[in-house]
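> One structure coming up, written as structure tokens, with questions to follow.
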Amino acid sequence: MLRGDKSWGIERVMSGAEQKGLKYLFRLRLTLNVQRSLRRAMQQSDWKDAGQGWQGKETTLRLVGWSRQRRIILLRRKKDRNQPASKRTDTEQLLLGFGEVEADKEVWEYAALVTSLSDEILTVGQLYRDRADAENGFDELKNQWGWGGFTTQDLTRCRLLAAIVALIYNWWSLFVRLADPEHHREAITSRPLLLSAIARKTQHAGQVTLTISSTHGMRDKARRAYVRIAGFLAALRQSAEQLDPLARWYRILSEALRHFLKGRQLLPPLRLNPA
């Protein structure tokens with residue numbers, strides 16, 4: 001299946017996918033015709049559950065430039081009145097307005113999907129949300145780690161820099177997962193939290209002590225994270241003599257990915273003795 005945002009919901013891409021028999025799911029721009037369809041649908045009551053607070057309704061449209069009618073999933077979600085209301089100055093740019101909303105008015109946010117899938121609305125809505133989740137990692141790499149911040153005509157240098165950035169991103173993500181195995185923490189918040197600190201090394205009676213003083217406003221949270229990581233590494237160190245480096249690395253991976261492994265332990269690949 002081919003999934004994409006509103007830049008992909010165009011005739012050339014959809015017709016190409018249809019010719020190749022490839023299923024697709026794209027977000028649509030809220031053009032005037034799509035907005036008219038939404039206004040008509042809002043007056044009707046047969047909206048269905050689309051998951052995570054969204055409601056969906058199915059229709060068909062043939063927009064300007066399209067070669068045929070296509071299946072459209074209209075989505076809406078009620079917003080809290082305390083949240084800013086959405087306004088649009090044109091068909092593409094979304095602005096946030098901070099005007100007061102009358103007490104008897106409901107505030108909604110909208111989206112529209114075009115698809116060749118025959119699945120029910122709940123499934124289609126979740127499939128599109130999964131697309132956004134998969135894209136978040138690439139967005140983080142580009143905007144928070146500099147993956148899109150270098151340009152050169154030397155392909156070898158580009159590949160080298162891209163690999164270095166991806167490697168550091170993986171290491172940091174695993175490190176933060178050791179601090180909080182249940183959640184993914186983006187670099188824009190986790191780096192200031194866990195790196196903004198001053199460390200002092202002292203040595204007394206043969207023992208080396210590292211004292212870390214954080215200046216972050218949530219330093220108590222950072223302290224709990226480091227205490228958790230230190231506790232895990234201390235326990236691992238006790239059994240380190242019985243484990244080779246590869247086995248230790250798999251123990252670290254198993255702890256960092258505990259949320260996905262559901263308590264299972266990753267096992268190193270079997271090593272075959274040469275004949």
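Read the figures in this text as sums done on the coordinates, not as results from a lab. From a predicted model like this one, the values you see are computed outputs, not experimental measurements. As a convention, Cβ positions derive from the backbone with ideal geometry for all residues, glycine included, and neighbour counts pool all protein chains shown.
> Can you list which of the DSSP-assigned H helices in the chain have a Cα extent of 24 Å or more along the long axis and an average Kyte-Doolittle score of at least 1.6?
Membrane-span-like by this criterion, though nothing is claimed about a membrane: none.
> To the nearest 20 debye, what charge dipole does the range 148-275 have about its Cα centre, counting +1 at the Cβ of each Lys and Arg and -1 at the Cβ of each Asp and Glu?
That gives the range 148-275 a dipole magnitude of about 200 debye.
> Taking only the C-alpha atoms, wrap a convex hull around the range 158-261 and report its volume per residue in Å³ as a whole number.
It is 155 Å³ per residue.
> Can you list the lysines whose alpha carbon sits under 26 Å from that of Lys142, skipping same-chain ones fewer than 8 residues off?
Lys6
> Which residue fluctuates most in the GNM of the chain (Cα springs below 10 Å): Gly148, Gly206, Gly56?
Result for the chain, Cα springs under 10 Å: Gly206 fluctuates most.
> Tell me, what is the FRET efficiency for Leu267 and Gln238 to the nearest 0.05, using R0 = 22 angstrom and their Cβ-Cβ distance as r?
The computed FRET efficiency comes out at 0.60.
> Still on this structure, I have one more. Eigenvalues of the Cα gyration tensor times 5, then square-rooted: what semi-axes does that give for the chain, in whole angstrom, largest first?
Semi-axes from the Cα gyration tensor: 47, 26, 20 Å.
> If you don't mind, another one. At 7 Å along the Cα-to-beta-carbon direction for both Ser45 and Arg258, put a label point, then send me their distance in nm to one decimal.
For Ser45 paired with Arg258, the spin-label model returns 5.0 nm.
> Here is a follow-up. Could the peptides 111-124, 168-181 be put in order, highest first, of the mean number of other beta-carbon atoms found within 10 Å of their residues?
Highest to lowest by the protection proxy: 111-124, 168-181.
> Below 8 Å, C-alpha to C-alpha, sequence gap of six or more: please give me the relative contact order for the range 158-261 in percent.
This gives 31 percent for the range 158-261.
> Connecting C-alpha atoms closer than 10 Å in a GNM of the chain, tell me which of Gln207, Gln126, Gln19 has the biggest fluctuation.
Among Gln207, Gln126, Gln19, the largest mean-square fluctuation in the Gaussian network model of the chain belongs to Gln207.
> How far, in nm, would the chain grow between Asn143 and Arg200 when pulled straight, counting 0.36 nm per residue and subtracting the alpha carbon separation?
Extra length from Asn143 to Arg200 when fully extended: 17.3 nm.
> Okay, moving on. Multiply the residue gap between Arg36 and Leu246 by 0.36 nm, knock off their C-alpha separation, and tell me the result in nm, one decimal place.
69.6 nm
> According to a simple spin-label model (label point 7 Å from Cα along Cα-to-Cβ), what is the distance in nm between Asn136 and Arg228?
1.6
> What distance in nm separates the two pseudo spin-label positions at Gln126 and His184, each 7 Å out from Cα along the beta-carbon direction?
Distance between label points: 1.8 nm.
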